[in-house]
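Structure record follows, encoded as structure tokens.
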Amino acid sequence: MALKAFRGMPFGHTHENRAFNDLFDVLQQHCVSTEQDWYLLGNFYVGSRELDAMIIKPNALIIIDFKEFSGTLQFSEDGPWLMTCADTGDSVTVKGGASANPLRQLRLNKIAMLDFLSRNLKDLNSLCNWRHTAALVAFQGSVEFDRQHLPGGIKPWFHISDTRSIVRDLDAIVSKEITLSPDSIERIINALGIESFVPAGVPTIRELCDQPAGRDAATRLTPLQSQVLHDFRSWLQTGNGVFRVSGM
């Protein structure tokens, strides 16, 4: 069980790349420890809408927008959001792209995603009520916010989180109206046209095997490599001390 990640392209801002990498790290650890398979998608387009991220679980879809703020949040459904710094008392406006606030931004992103899913995966419409897709604002700093301030009409699908509670909040979001198999999730990702994501500095891991059918010549083991692999497997079962390999 593990996290599978995909990304359309690198983000245009440093804090967004860091936010995505940090989310990848904590979710990968969570999926391994809980034996769950989650899918993390980053920086991709749905129609004309650019989405920061989305989590797909067997029983949930969660659209995410990253925000680089910390402090005490003053929420508004239609007006601007204000974030007050605890140290200085200064307030800044939390924008939602071209929208008045992140709620309105994510509402538009959700509408675009619902349209995409209902049109491109029609056979799943009976298994998935796409209207139960959730949305979450992920603040990169610590944020104080009273969840009771959220209007009742948006509470079922809209969430606000920060670095302290992001994993717990994402794990809690589920819907009985969404049922996705691994094959169905892969179909969604393929329809979106997003490539697999490997974090910078992480090596590509390939399974050790002796020339399986269909493997191209560029990755095929040489006879000497195959012999070394055979010897290593034997040593794992019966050997002592150190098994040393040098060269290619």
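The values are calculated or read from the model by the stated rules, or taken from the named source; none is laboratory data. Note that this is a predicted model, so its numbers are computed, not measured. Here Cβ is always computed from backbone atoms with ideal geometry, including for glycine, and neighbour counts include all displayed protein chains. All accessible areas refer to the heavy atoms of the entire protein, side chains included, with ligands and DNA or RNA removed. Shrake-Rupley method; radii C 1.70, N 1.55, O 1.52, S 1.80 Å.
Condition check ((1) assigned to a helix (DSSP H, G or I); (2) surrounded by fewer than 18 Cβ atoms within 10 Å (Cβ to Cβ); (3) among the polar types (S, T, N, Q); (4) on the phi > 0 side of the Ramachandran plot) across all residues:
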{"position": "D115", "(1), (2), (3), (4)": "yes, yes, no, no"}
{"position": "S118", "(1), (2), (3), (4)": "yes, yes, yes, no"}
{"position": "D123", "(1), (2), (3), (4)": "yes, yes, no, no"}
{"position": "A135", "(1), (2), (3), (4)": "no, no, no, no"}
{"position": "A138", "(1), (2), (3), (4)": "no, no, no, no"}
{"position": "G141", "(1), (2), (3), (4)": "no, yes, no, no"}
{"position": "P151", "(1), (2), (3), (4)": "no, yes, no, no"}
{"position": "K155", "(1), (2), (3), (4)": "no, yes, no, no"}
{"position": "H159", "(1), (2), (3), (4)": "no, no, no, no"}
Check your understanding: Looking at I188, is it touching a residue at least 40 places away in the same chain (Cβ under 8 Å), hydrophobic (A, V, I, L, M, F, W, C) and farther than 13 Å from L61 by Cα?
Key -> no
Practice item. Show the residue pairs that are 6+ apart or on different chains and have beta-carbon atoms under 7 Å apart, the first residue being within region 111-134 and free of Cβ contacts under 8 Å to residues at least 24 places away in the same chain, the second being in a helix (DSSP H, G or I) and open to solvent by less than 20 Å² (accessible area, probe 1.4 Å). Key: L114/W130; S118/W130
Exercise for review: Could you check, for region 41-59, whether at least one of its residues is out of contact with any strand residue (DSSP E or B) (no Cβ under 6 Å at 6 or more places or on another chain), open to solvent by less than 70 Å² (accessible area, probe 1.4 Å) and without any contact (Cβ under 8 Å) to a residue 60 or more places away in the chain?
Suggested key: no
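Just to be sure I understand, how many residues within region 82-107 are farther than 14 Å from L51 by Cα, part of a strand (DSSP E or B) and touching a residue at least 24 places away in the same chain (Cβ under 8 Å)? Lay out the reasoning, then the answer.
The first filter runs over region 82-107 and keeps only residues farther than 14 Å from L51 by Cα, leaving 82-95, 100-101.
Now restrict to residues that are part of a strand (DSSP E or B): 82-84, 91-94.
So of that shortlist, the ones also touching a residue at least 24 places away in the same chain (Cβ under 8 Å) come out as 83, 94.
The number of residues fulfilling the criteria is 2.
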Point to revise | Residue match in region 63-86 (condition: more than 19 Å from G193 (Cβ to Cβ), open to solvent by less than 70 Å² (accessible area, probe 1.4 Å), within 13 Å of the chain's Cα centre (by Cα) and not hydrophobic (A, V, I, L, M, F, W, C)) | key: yes
Check your understanding: Counting only residues that are touching a residue at least 60 places away in the same chain (Cβ under 8 Å) and open to solvent by 60 Å² or more (accessible area, probe 1.4 Å), how many does region 172-182 have?
Key -> 4
